[in-house]
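Peer 1: Have a look at this one.
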Amino acid sequence: MTETKTRRRGERLEQAILDATWAELAEVGYTALTIEAVAKRAGTSKPVIYRRWQSRAHLVVSAWVRQQPQESGTPDLGSLRADLVWLFTRVADRMAGMMSETIAGVMADAFKHPEVQTLLRDRLDSAPLTGVIRHVVDNAVARGELRPVELPRMVLRLPLDLVRAVAVFYGPPVPDEMVESMVDDVYLPLLKGLALD
């Protein structure tokens, strides 16, 4: 009965489940991942997991978000281009850190299940990335490189969308020259165009 007294609850239990999910993903991939295997690895039960996450995709997205390092600040590298190359490289590195098969699996679930689409949209809209982009643009405005600009939601999500699209065709890791092309040929011209009166 000692087990009942020391049973994990709340944040500790959630962390154990998300860690187990990530370990399962690394070991068997998204397609073969089961809630039962995650429960066993976490030392809990399927009903406990389903009370917190309604589907495998929800669980995997939560595990991925938990794996992302907390933002330690956005550097001011002296130019908008340098800051954007840093940002796109960071996004590409994170994309490479998440198994590509996992991304494909979650995206496939999103096509089949509207609630997964909603989950992904909500996660993207609340992601730290949007704050980092605003900070990079504010720095450029303060340096006089860019006129003040209103950033539509689509533009805030574009770095992630571009990196994901390139990763599909080139595979992670995204080559440095492709990162620079996304910045020089797409994102910088877009920001400058939006900043025009």
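Peer 1: Could you pull out every whole DSSP H run in the chain that spans at least 27 Å of Cα extent along its own axis and averages -0.5 or higher on the Kyte-Doolittle scale?
Peer 2: 10-32
Peer 1: Using just the Cα positions, wrap segment 8-65 in a convex hull and report its mean projected area in square nanometres, one decimal place.
Peer 2: 3.3 nm²
Peer 1: Cα atoms only, segment 121-197: Rg and Dmax in Å?
Peer 2: Cα only, segment 121-197: 13.2, 38 Å (Rg, Dmax).
Peer 1: Read through the labelled values (1) 0.93; (2) 1.05; (3) 1.01 and report the label of the one computed as Rg/Rh (Cα atoms, Kirkwood Rh) from the structure.
Peer 2: Here the calculated entry is (2).
Peer 1: As a test of the formula, what do you get for the chain when each DSSP H run with n ≥ 4 contributes -39,500 (n - 2.57) and the sum is divided by the residue count, at 222 nm and rounded to the nearest 500 deg cm²/dmol?
Peer 2: Per the formula, -22500 deg cm²/dmol.
Peer 1: Another question about this same structure. Based on other C-beta atoms within 10 Å, arrange 21, 102 from fewest to most.
Peer 2: Working: 21 27, 102 20.
Taking fewest neighbouring Cβ atoms as first place, the list is 102, 21.
Peer 1: Tell me, what is the percent relative contact order of the chain, built from C-alpha pairs under 8 Å that lie six or more residues apart? Provide the component values of the computation, followed by the final result.
Peer 2: On the way: 148 pairs, mean separation 45.8, N = 197.
In percent, rounded to a whole number, it is 23.
Peer 1: Rounding to the nearest 20 debye, state how big the charge dipole of the chain is about its Cα centre with +1 on each Lys and Arg Cβ and -1 on each Asp and Glu Cβ.
Peer 2: On the way: 25 positive and 26 negative charges, 228 e Å.
Dipole size: approximately 1100 debye.
Peer 1: Let me ask something additional. Please give the length that would be gained between residue 79 and residue 111 if that part of the chain were fully extended, namely 0.36 nm times their separation in residues minus their C-alpha to C-alpha distance (nm, one decimal).
Peer 2: 7.6 nm
Read-outs throughout are calculated quantities, based only on the coordinates presented, and are distinct from any laboratory measurement. This structure is a prediction, so every number in the text was calculated from the model and none was measured. Quick reminder, even Gly has a Cβ in these numbers, built from the backbone with ideal geometry, and neighbours come from all protein chains shown.
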